[in-house]
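The values are calculated or read from the model by the stated rules, or taken from the named source; none is laboratory data. Keep in mind that this is a model prediction, so the values were computed, not measured. Cβ sites come from the backbone with ideal geometry, for glycine too, and all protein chains shown count toward neighbours.
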Amino acid sequence: MSDSSASSSQSSSSETNKKVSSQVGSPYARYVLGVLVVVYIFNFIDRQILSILAEDIKADLGISDADIGFLYGTAFAIFYAVFGIPLGRLADTWTRKSLISTGLLFWSVMTALSGTARSFASLATFRIGVGIGEASATPAAFSMLSDYFEPKHRATALAVYSSGVYIGSGIGIFLGGVILDGWLTLYPDYTAAPMQLKGWHVAFFAVGLPGVLLAAWVATLKEPLRGLSEGIKTIQHPHPFKETWKELKSLLPILNLHSLWNNGAGFRGIVINLIGLAVICGISTLLIQITGSTTQWVALSIGVYAAFCWSQNLAYADQAAFAMIFGSKTILLACLAFPSVAFVTYGIGFWGPPFFQRIHGVSAAETGIVLGLATAIGGWAGVTLGGVLADTFRSKYVRAKFYVSAAAAFASIPPGYIMLTTDSLNVAYACNFVFSFTSPMWIGPAASTVNDLVMPRMRAIASAFYILMVTFIGLALGPYVIGFISDELVQSGTKSPDALRQAMMIGLYMLAFAGSMMLIASRFLENDENSRIDRAIALGENV
């Protein structure tokens, strides 16, 4: 190449880099953030609407509180968490906007198909489909936004994105309640309704179908360069789907043993895997005998075994990613602490509408409007403020993200307790709003902490692991455990409303545990942040 050609090439490259770098924190970056917030809103509308529909579905399908908790939590959560791993790898190697768009299309169709369900089995099948589709969104979104926003603004950006949880949950509860009462007014006798549809069937159609249009919008977004916000060049992977298939194989029974062998684990690795399987099966069998809930624990044990297989394969297939994730005390403790808050927020959030209907005798429409608005407004404000506070104080206090999160966990206990124990409906509504405001303030700091402690090419897979833990502990266990305790109390002679109240109060204790774990995790944060690049280089990363 001639000097003039080389000079021209360097000039062109420099111009490209300047153009690309200008996208960080730009108006377009904020536009992408806005679109992804809408995606996350739809994600949680489709997920949370089951809460307000729970009483009607229970009556129509003849199922228990534990069954409803399984539908909302475990049936959705296991597949959401497990498929989040290979889809997280795909997000780290493929075009993230395309992955989000495709996943959105799939889960929207599955939500709409839930409106055709006429049995517990069919509804569970469609909920599994929703879980698989929704697993595509958040790891890819976290990764995209981490490239569009530099570290000092990352907690705020990810908090704004995560506010979609509460806006979507609030809209889902609101729409579900309005649709239920509106359909009942139009068709008091469902046999006279079109195709004999009931209100809960119509609600699933109404929230699922618009997602098809949103998927087309997401496909128009620009894909940022990986490492853009930190100036870390990341080489594009030449075979993203082949890599994703490898990741998926590491999760699937039998195939995972083949992957272990190919990755160099040998007989020792296979023996360890089988011992892990035996332990998981033993614990699952014990829990089935204690609770009588075969479906719950079989499903959860499958998910836990899949996660164990993935982590074991990762240790051989991508030693650097494994060491950066599992070698960080901060990440490991965070992935125990933050999901413990999710146990409460998912549990209280799901059982909130049935609680107000049973304890205070309010209608589905009123519950949907009041709780929906409280969740949407309070949750949005709380999760956004949590991110802003974490970023603001981080310049002075390295541990600020954990301090903000721990304070939010402890501050949520009093309003939660008063909400569940007061006889005044207005006081309960007010405390629900306060709880909706304080309880989600950890979300932005949590997501940014995990992304800050790994290299750009590992962000989606690290986020997928974090989301897996939040999903297993929070979503798969929170609603189910509260529903199970409620059922057990009813069996012992407690009235249904009081049983649900007591079960939800027991769930609040997890907030104290979560806050304590966050304070412990904060002790390791500074060292893990300061040593990130050095650890990556020592692991062979091209930084």
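Quick notes
- Picking from residues in region 171-219 that are among the β-branched types (Val, Ile, Thr) and in contact (Cβ under 8 Å) with a residue 40 or more places away in the chain, the one that is nearest to residue 455 (Cα to Cα) is 218.
- Scanning region 119-148 for residues that are in contact with a Gly (Cβ under 6 Å, 6 or more places away or on another chain) and in contact (Cβ under 8 Å) with a residue 40 or more places away in the chain returns 135, 136, 137, 139.
- Test: residue 74 is at pLDDT below 90 and within 30 Å of residue 144 (Cα to Cα): yes
- Hey, residue 278 crowded, with 16+ Cβ neighbours inside 10 Å and assigned to a helix (DSSP H, G or I) or not: no
- When residues of region 146-167 are limited to those that are outside any loop (DSSP other than H, G, I, E, B) and hydroxyl-bearing (Ser, Thr, Tyr), the one surrounded by the fewest Cβ atoms within 10 Å (Cβ to Cβ): 156
- Residue in region 434-455 that is at pLDDT 90 or above and surrounded by fewer than 22 Cβ atoms within 10 Å (Cβ to Cβ) present: yes
- Count of region 381-418 residues which are among the aliphatic types (A, V, I, L, M), crowded, with 20+ Cβ neighbours inside 10 Å, modelled with pLDDT of 90 or more and touching a Ser or Thr at 6+ places or on another chain (Cβ under 7 Å): 1
- Region 122-145: number of residues that are surrounded by fewer than 24 Cβ atoms within 10 Å (Cβ to Cβ) and not hydrophobic (A, V, I, L, M, F, W, C): 3
- Check on residue 302, touching a residue at least 60 places away in the same chain (Cβ under 8 Å), of a type outside the set (Ser, Thr, Tyr), in a helix (DSSP H, G or I) and crowded, with 19+ Cβ neighbours inside 10 Å: no
- Every residue from region 27-66 that is more than 15 Å from the chain's Cα centre (by Cα), closer than 20 Å to residue 101 by Cα and not aliphatic (A, V, I, L, M): 28, 30, 31, 34
- Residue match in region 453-468 (condition: of a type in the set (S, T, N, Q) and over 20 Å from residue 375 (Cα atoms)): yes
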